[in-house]
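S.K.: Below is one structure. I have some questions about it.
The values are calculated or read from the model by the stated rules, or taken from the named source; none is laboratory data. Keep in mind that this is a model prediction, so the values were computed, not measured. When we count neighbours, we look across all protein chains shown, and the Cβ atoms used for this are built from the backbone with ideal geometry, even at glycine. Only protein heavy atoms, including side chains, enter the accessible area calculation; ligands, DNA and RNA are left aside. Shrake-Rupley method; radii C 1.70, N 1.55, O 1.52, S 1.80 Å.
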Protein chains: 2
Amino acid sequence: MTARAESIIREVMASAAYRTAHATLAAEHDRTVDDIVALTQIAAPSFQEATRARAFLSMAAAHGLRDLTIDAEGNVTGVRPGVGNGPLICVAAHLDTVFPAGTELTVRREGTRLFAPGIGDDTRSLAVLLAWLRAMDAARVRTRADLLFVADVGEEGPGDLRGMRYLFQKGPYKDRISAFITVDSPDISHIATGGVGSKRYRVTFNGPGGHSYGAFGLVNPMFAMADAIARLGRVSVPASPKTTYSASVTGGGTSINSIPNSVWTDFDLRSEAPAELARLEASFLDLIAKSVVAENAARSTRSGPVTTDIAKTGDRPAGRTDESHELVRLAHAAISAHGFQPSFETSSTDANIPMSLGIPAIKVGSGGTGGRAHSLEEWIDVAPEPSIRGMAAGLATVLAVAGLV
Amino acid sequence: MTARAESIIREVMASAAYRTAHATLAAEHDRTVDDIVALTQIAAPSFQEATRARAFLSMAAAHGLRDLTIDAEGNVTGVRPGVGNGPLICVAAHLDTVFPAGTELTVRREGTRLFAPGIGDDTRSLAVLLAWLRAMDAARVRTRADLLFVADVGEEGPGDLRGMRYLFQKGPYKDRISAFITVDSPDISHIATGGVGSKRYRVTFNGPGGHSYGAFGLVNPMFAMADAIARLGRVSVPASPKTTYSASVTGGGTSINSIPNSVWTDFDLRSEAPAELARLEASFLDLIAKSVVAENAARSTRSGPVTTDIAKTGDRPAGRTDESHELVRLAHAAISAHGFQPSFETSSTDANIPMSLGIPAIKVGSGGTGGRAHSLEEWIDVAPEPSIRGMAAGLATVLAVAGLV
């Protein structure tokens with residue numbers, strides 16, 4: 001099977017269409033960099049992607065995409081039709097960044113390095129989607145599959161993959177996408193074939209409160225919370241499939257001489273495997289319940305018991321695309337054929353949603369290098385040779401998966 | 001000696017001055033309630049008492065107090081002069097509450113019940129000081145002693161009795177006060193003759209931090225802290241001498257997908273008995289050390305171990321006024337003569353400071369009833385008969401101690 005994938009990639013790379021497309025990527029590299037800069041400087045915090053979405057829509061409008069539009073969730077979608085009666089393959093990059101409104105976004109350039117919040121994660125990939133469209137247009141590429149291009153909302157933290165949930169579960173393309181490639185961050189050598197699932201909770205422990213001395217003996221929600229966290233710290237999770245937990249942020253209470261009315265902690269639970277994540281989540285909810293019961297038994301509830309508000313603040317499904325799947329093999333072969341050493345990883349991206357639905361999905365890189373994602377010092381390097389080679393590897397993957405005619 | 005105190009109180013209560021004063025307390029009860037409401041609705045967290053202090057100062061200004069001012073620490077002080085060459089007796093109530101800035105303070109009324117944070121502890125007492133001044137003025141009360149009225153700062157938690165420390169150790173009245181009565185919370189039947197000692201700590205647990213998924217397995221200071229709090233919750237303390245502990249306020253962490261670098265909790269340890277307090281403090285420090293060792297053994301310290309910063313944030317001296325002291329006997333006789341069943345208690349109030357300095361000191365109640373102090377559901381009952389009777393009992397105590405002329 002690997003040999004077959006390598007053979008398909010060799011055929012793609014030998015084609016006149018690929019060679020013209022590659023030459024176009026190279027010739028238009030400066031324009032691609034300009035697109036990166038222009039899009040980076042349009043703020044797009046999760047839930048505030050609309051301005052950047054409209055800009056992307058107008059930049060994509062030159063490429064003859066069918067049904068180019070902004071869907072009800074805020075995703076930009078448009079179809080590059082194939083020869084007809086083929087499957088629908090989705091290629092996506094996300095519009096949103098982790099940076100709040102008001103963050104300074106002016107791109108600073110030092111040689112081939114560009115610095116700005118969000119420039120690599122994931123704005124560069126948006127420009128690469130446009131570069132691929134231009135290269136395919138220039139090479140008059142025809143594919144068996146229809147290619148659905150998506151610039152999506154809500155990939156980062158609080159967005160909780162809302163763009164993808166809409167695309168796969170509610171929007172006009174739901175039930176029609178047969179394979180999914182998300183382009184996320186520059187690194188081309190790591191192919192994500194596993195989507196880490198996560199469940200996030202804010203658990204608030206409430207109680208009657210009271211004077212720390214006068215009301216001593218009443219239940220204290222801090223003891224229940226501490227017991228819950230301590231119990232979580234003793235939960236065993238497998239190293240593989242990797243499964244993790246964290247008690248991350250905490251707060252509450254009013255004064256040192258008061259038994260608190262209310263304290264809270266934010267918890268993060270993750271796993272590569274849905275079954276392990278479900279098991280961890282069940283253990284977590286069970287140990288919270290046990291801690292509350294224990295506190296209400298340990299001290300007096302005469303002024304009221306300890307109770308909890310358990311708010312699920314994030315829910316990303318885990319998923320996996322088998323490494324033997326043709327989608328993975330083609331990406332591996334294409335990236336390898338372009339001189340990179342591909343390896344597989346598990347991460348949390350837009351691909352989690354299709355993976356969780358059993359739809360073959362991977363994450364590939366946008367090419368070039370970068371670093372310090374999610375920090376104000378985020379940077380990418382747009383040195384032409386490795387950048388163009390990376391983009392070409394991704395495009396070869398898309399052409400092979402879509403079936404170059 | 002008890003008979004002598006009872007005789008003095010009988011004389012006071014038989015006097016025309018007392019009877020006129022009592023009638024004034026009754027006639028002006030609605031005004032007193034209005035004062036309670038007005039003062040309660042002025043926020044006064046410890047260290048932010050200035051607005052309420054200025055309001056109290058202007059309300060007290062009608063009463064001809066000598067040297068009415070706000071001292072360098074923030075206490076409102078003013079002297080009601082006696083006939084001359086008498087001792088200086090201090091009567092105090094505290095301005096501050098445990099509730100942080102921004103707490104909703106609007107008073108809710110249900111029949112004779114008033115609900116609001118801080119209304120009983122200790123705002124009602126501030127209004128009672130004003131009611132006593134009005135009653136004394138109306139009755140043209142003259143006393144052998146000078147009466148120093150104080151509305152003081154820093155009684156609660158982090159204030160660490162700063163108002164009293166200043167008054168007794170630094171301010172213009174230091175070394176001149178021969179007896180001290182603080183009016184704190186409604187309950188008139190309990191006279192505090194013992195000052196509970198307390199030790200307060202902010203313990204900060206530090207660790208290397210890291211990504212909640214990528215760095216899973218590293219030590220997490222939240223687990224050490226939770227273990228320490230849970231261990232504290234299992235510590236046995238004697239019911240007598242009353243000894244208590246609380247984990248009261250907590251915070252820390254940066255984001256849900258980060259193992260925190262730093263988390264902290266404020267702890268309150270108290271006892272009537274210095275030896276029990278020392279034993280509890282030793283257990284507390286030991287269990288913190290054990291929790292840190294346990295966390296550093298449970299997870300990896302390859303990026304650094306969990307460590308602690310242990311800051312002592314409060315240290316209130318214990319103290320006691322002998323129950324045979326005339327101050328105590330007069331309060332007991334006055335409260336008893338007003339139809340209450342007085343008993344003695346140990347608590348932590350402004351009286352701790354004079355007690356620890358060997359100055360006779362007690363805490364009495366402001367009259368009426370109340371509950372849920374230090375909780376958002378704090379309430380008082382201002383039903384006139386018991387409220388006025390309670391205020392009259394306190395005033396009779398003050399008049400007897402100051403020597404009605």
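S.K.: Report, by residue number, each residue of segment B:303-320 that is over 26 Å from the mean Cα position of the chain (by Cα) and either at pLDDT 95 or above or open to solvent by less than 50 Å² (accessible area, probe 1.4 Å) (or both).
M.R.: Let us first name the residues in segment B:303-320 that are over 26 Å from the mean Cα position of the chain (by Cα), namely B:303-309.
Passing the criteria: B:Gly304, B:Pro305, B:Val306, B:Thr307, B:Thr308, B:Asp309.
S.K.: Turning to a different aspect of this structure: Give me a count of the residues in segment A:114-166 that are within 21 Å of A:Ala21 (Cα to Cα) and of a type in the set (Val, Ile, Thr). Walk me through it before giving the result.
M.R.: So the first thing to find is which residues in segment A:114-166 are within 21 Å of A:Ala21 (Cα to Cα), and the list is A:124-150.
Within this subset, residues satisfying the condition of being of a type in the set (Val, Ile, Thr) are A:128, A:141, A:143, A:150.
Residues that pass the stated criteria total 4.
S.K.: So A:Ala278 ticks every box in (1) away from every other protein chain (no Cβ under 13 Å); (2) in contact (Cβ under 8 Å) with a residue 24 or more places away in the chain; (3) out of contact with any Leu (no Cβ under 8 Å at 6 or more places or on another chain); (4) not hydroxyl-bearing (Ser, Thr, Tyr) but one. Which box is left unticked?
M.R.: Single failed check for A:Ala278: (2).
S.K.: I'd like to know if segment A:159-173 contains one or more residues that are in contact (Cβ under 8 Å) with a residue 24 or more places away in the chain, farther than 30 Å from A:Glu326 by Cα and more than 7 Å from chain B (Cβ to nearest Cβ).
M.R.: The answer is yes, given that some residue of segment A:159-173 is in contact (Cβ under 8 Å) with a residue 24 or more places away in the chain, farther than 30 Å from A:Glu326 by Cα and more than 7 Å from chain B (Cβ to nearest Cβ).
S.K.: Of everything in segment B:12-54 that's hydroxyl-bearing (Ser, Thr, Tyr), under 24 Å from the mean Cα position of the chain (by Cα) and closer than 22 Å to B:Gly368 by Cα, which residue is nearest to the other protein chains (Cβ to nearest Cβ)?
M.R.: Here the answer is B:Thr40.
S.K.: I need the full set of residues from segment B:346-405 which are more than 30 Å from B:Lys174 (Cα to Cα), open to solvent by 10 Å² or more (accessible area, probe 1.4 Å) and either modelled with pLDDT under 95 or out of contact with any helix residue (DSSP H, G or I) (no Cβ under 6 Å at 6 or more places or on another chain) (or both), in order please.
M.R.: The answer is B:Thr369, B:Gly371, B:Arg372, B:Ala373, B:Leu376, B:Glu377, B:Trp379, B:Asp381, B:Ala383, B:Glu385, B:Pro386, B:Arg389.
S.K.: Of the residues in segment B:68-91, how many are free of Cβ contacts under 8 Å to residues at least 40 places away in the same chain and more than 16 Å from B:Ala145 (Cα to Cα)?
M.R.: Adding up the residues that qualify gives 3.
S.K.: Can you say whether B:Arg234 is within 18 Å of A:Gly252 (Cβ to Cβ), at pLDDT 95 or above and either surrounded by fewer than 23 Cβ atoms within 10 Å (Cβ to Cβ) or not hydroxyl-bearing (Ser, Thr, Tyr) (or both), as far as the supplied structure shows?
M.R.: In short, no.
S.K.: Still on this structure, please answer the following. So, B:Ala373, is that one in a loop (DSSP other than H, G, I, E, B) and closer than 19 Å to B:Gly157 by Cβ or not?
M.R.: When the stated conditions are applied, B:Ala373 passes them.
S.K.: Moving on to the next point. Of the numbered conditions (1) surrounded by 24 or more Cβ atoms within 10 Å (Cβ to Cβ); (2) among the small types (Gly, Ala, Ser); (3) modelled with pLDDT of 95 or more, B:Ser198 satisfies every one except a single condition; which is it?
M.R.: (3)
S.K.: Of the residues B:Ser189, B:Ser246, B:Ser185, B:Ser198, only one is at the interface with chain A (Cβ under 7 Å from one of its Cβ atoms) and under 29 Å from B:Ser343 (Cα atoms); which?
M.R.: Residue meeting the stated conditions: B:Ser246.
S.K.: Okay, next question. Would you pick out the residues in segment A:237-252 that are modelled with pLDDT of 95 or more and touching a helix residue (DSSP H, G or I) at 6+ places or on another chain (Cβ under 7 Å)?
M.R.: Listed by number, the residues that qualify are A:Val237, A:Pro238, A:Thr243, A:Tyr245, A:Ala247, A:Thr250.
S.K.: If you take the residues in segment A:206-218 that are under 16 Å from B:Leu376 (Cα atoms) and outside any strand (DSSP E or B), which one is farthest from the other protein chains (Cβ to nearest Cβ)?
M.R.: From segment A:206-218, those under 16 Å from B:Leu376 (Cα atoms) are A:206-212, A:214-215, A:218; that's our starting set.
Still in the running and outside any strand (DSSP E or B): A:207-209, A:212, A:214-215.
Numbers: A:Gly207: 10, A:Pro208: 7, A:Gly209: 4, A:Ser212: 4, A:Gly214: 7, A:Ala215: 8 Å.
The qualifying residue farthest from the other protein chains (Cβ to nearest Cβ) is A:Gly207.
S.K.: Restricting attention to segment B:43-54, which residues are open to solvent by 20 Å² or more (accessible area, probe 1.4 Å) and touching a residue at least 40 places away in the same chain (Cβ under 8 Å)?
M.R.: B:Ala43, B:Phe47, B:Gln48, listed by residue number.
S.K.: Follow-up. I need the full set of residues from segment B:229-243 which are more than 7 Å from chain A (Cβ to nearest Cβ), touching a strand residue (DSSP E or B) at 6+ places or on another chain (Cβ under 7 Å) and of a type in the set (A, V, I, L, M), in order please.
M.R.: Result: B:Leu232, B:Val235, B:Val237.
S.K.: Given (1) small (Gly, Ala, Ser); (2) touching a helix residue (DSSP H, G or I) at 6+ places or on another chain (Cβ under 9 Å); (3) closer than 20 Å to A:Arg202 by Cβ, identify the lone condition not met by A:Ser255.
M.R.: The single condition A:Ser255 does not satisfy is (3).
S.K.: Just checking, which of B:Ser246, B:Ser212 is within 26 Å of B:Thr182 (Cα to Cα), in contact with a strand residue (DSSP E or B) (Cβ under 8 Å, 6 or more places away or on another chain), in contact (Cβ under 8 Å) with a residue 12 or more places away in the chain and buried (at least 23 other Cβ atoms within 10 Å of the Cβ)?
M.R.: B:Ser246
S.K.: One residue is enough: does segment B:262-271 have a residue meeting the conditions hydroxyl-bearing (Ser, Thr, Tyr), within 19 Å of A:Ser258 (Cβ to Cβ), facing chain A (nearest Cβ under 9 Å) and open to solvent by less than 10 Å² (accessible area, probe 1.4 Å)?
M.R.: The answer is yes, given that some residue of segment B:262-271 is hydroxyl-bearing (Ser, Thr, Tyr), within 19 Å of A:Ser258 (Cβ to Cβ), facing chain A (nearest Cβ under 9 Å) and open to solvent by less than 10 Å² (accessible area, probe 1.4 Å).
S.K.: Report whether or not A:Val203 is facing another protein chain (nearest Cβ under 9 Å) and either under 18 Å from A:Thr308 (Cα atoms) or open to solvent by less than 30 Å² (accessible area, probe 1.4 Å) (or both).
M.R.: Numbers: facing another protein chain (nearest Cβ under 9 Å): no; either under 18 Å from A:Thr308 (Cα atoms) or open to solvent by less than 30 Å² (accessible area, probe 1.4 Å) (or both): yes.
No: the conditions fail for A:Val203.
S.K.: When the residues of segment B:71-111 are filtered to those that are open to solvent by 50 Å² or more (accessible area, probe 1.4 Å) and over 28 Å from B:Ile380 (Cα atoms), which remaining residue is nearest to the other protein chains (Cβ to nearest Cβ)?
M.R.: The initial filter retains those residues of segment B:71-111 that are open to solvent by 50 Å² or more (accessible area, probe 1.4 Å), namely B:72-73, B:81, B:83, B:85, B:87, B:100-102, B:104, B:106, B:108-111.
Narrowing the set further to residues that are over 28 Å from B:Ile380 (Cα atoms) leaves B:72-73, B:81, B:83, B:85, B:87.
Values: B:Ala72: 25, B:Glu73: 20, B:Pro81: 36, B:Val83: 40, B:Asn85: 40, B:Pro87: 32 Å.
Applying the filter and picking the extreme gives B:Glu73.
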